[in-house]
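Here the structure comes first, spelled out in structure tokens, and everything after it is commentary.
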Amino acid sequence: MNTELDFVAWLTEQQSVNGRVRLSIGDDMAVILPDDGLSLLSSDMLLDGVHFDTAIHRPEEIGRKALACCLSDCAAMAVNPIAATVSLALPKACELSWVKRLFTGMMEMASSYDVAIVGGDTTSWDGKLAIDVCVSAQPWPSVAPVTRFGAVAGDKLYVTGKLGGSLLGRHMTFTPRIRAARQIAESLGANLHAMMDISDGLSLDCWRLCRTSGVGCVLDERLLDSIVHDDAMRASESDGRTTFEHALNDGEDFELLIAAKIDNLDELVGLPMMAVGEVTESSFGLTIKHVDGSLQTLKPKGFVH
């Protein structure tokens, strides 16, 4: 079992049938069907030295990001976050004042979206800080949760912002696209076929969406030029990788990737949506169409944090 993708595939095979679970492993959130309607659940674990660095980042920033990652899952499915639990594995030397600052950042993020932090667990150990956040959500009125499963050939692919170079700082300060997701879902209705957040890079997350939907896609190099973030350019100057590589593979952008049967999405919803390509038949796989018209098959990274 060499990759995260292999592990997820194995875990999916181990699932047992449960009549109250409508959607389980394989999307941004699980969909649960209690007696009084749909409930959605998602969790994210963040590790010191991987997703943040306690030697560099303020505890308020770390707390903010820990909750924001889960809220981005809510945005990915266009649902309303309700409550969250937070579990911490704290280094034994961690002081209470530092932990309070961590929760201050988390609670400020929670208040922005009317989310209640309702519990969790705290323990200490000899290792580095680990944070696990679980969030529960419900659908917005008259808006069904949007999955990764519905993309069809002919759909246009859009993103909600520029990509690449996020590790220069944006990975700690991003805004979960919850309000934008609701507006998109309400505006597009049945024309919105699939959506997810871009946490692991456009190439890998686009591949995930297409694989889940049983389709392929072509990303257009001419369109991709317009989505390269200034941070990707700065990162390229320091490490020698192309801005194109950064935009496709860096991850931690937390923008939305949208598959919809509509042209000019930005004109419809009044938000800065940028087209990146088109959904195709599955035989195309994940492909880049270069400016000269040639096609190149992409192989997304297999293991990501």
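The values are calculated or read from the model by the stated rules, or taken from the named source; none is laboratory data. Since we're looking at a predicted model, the values are computed, not measured. Here the Cβ is made from the backbone with ideal geometry for all residues, glycine too, and neighbour counts use every protein chain on show.
Name the single residue that is surrounded by the most Cβ atoms within 10 Å (Cβ to Cβ) among those in segment 34-47 being among the acidic types (D, E) and out of contact with any strand residue (DSSP E or B) (no Cβ under 7 Å at 6 or more places or on another chain). Restricting to residues being among the acidic types (D, E) and out of contact with any strand residue (DSSP E or B) (no Cβ under 7 Å at 6 or more places or on another chain), the top hit is D36. Run down A78, A116, A89 and say which single residue is more than 16 Å from D44 (Cα to Cα) and modelled with pLDDT of 95 or more. After applying the criteria, what remains is A78.
One residue alone among K65, K92, K100 is touching a Phe, Trp or Tyr at 6+ places or on another chain (Cβ under 8 Å) and surrounded by fewer than 16 Cβ atoms within 10 Å (Cβ to Cβ), and that residue is K92. For segment 114-137, a residue qualifies if it is assigned to a loop (DSSP other than H, G, I, E, B) and surrounded by 18 or more Cβ atoms within 10 Å (Cβ to Cβ), and the qualifying residues are V115, L129. Kindly establish whether A180 is closer than 18 Å to M273 by Cβ, of a type in the set (G, A, S) and assigned by TED's automatic domain parsing to the domain that holds T280. In short, yes.
For segment 154-182, the candidate set comprises residues that are of a type in the set (D, E, K, R) and in a helix (DSSP H, G or I); within that set, the residue that is surrounded by the fewest Cβ atoms within 10 Å (Cβ to Cβ) is R179.
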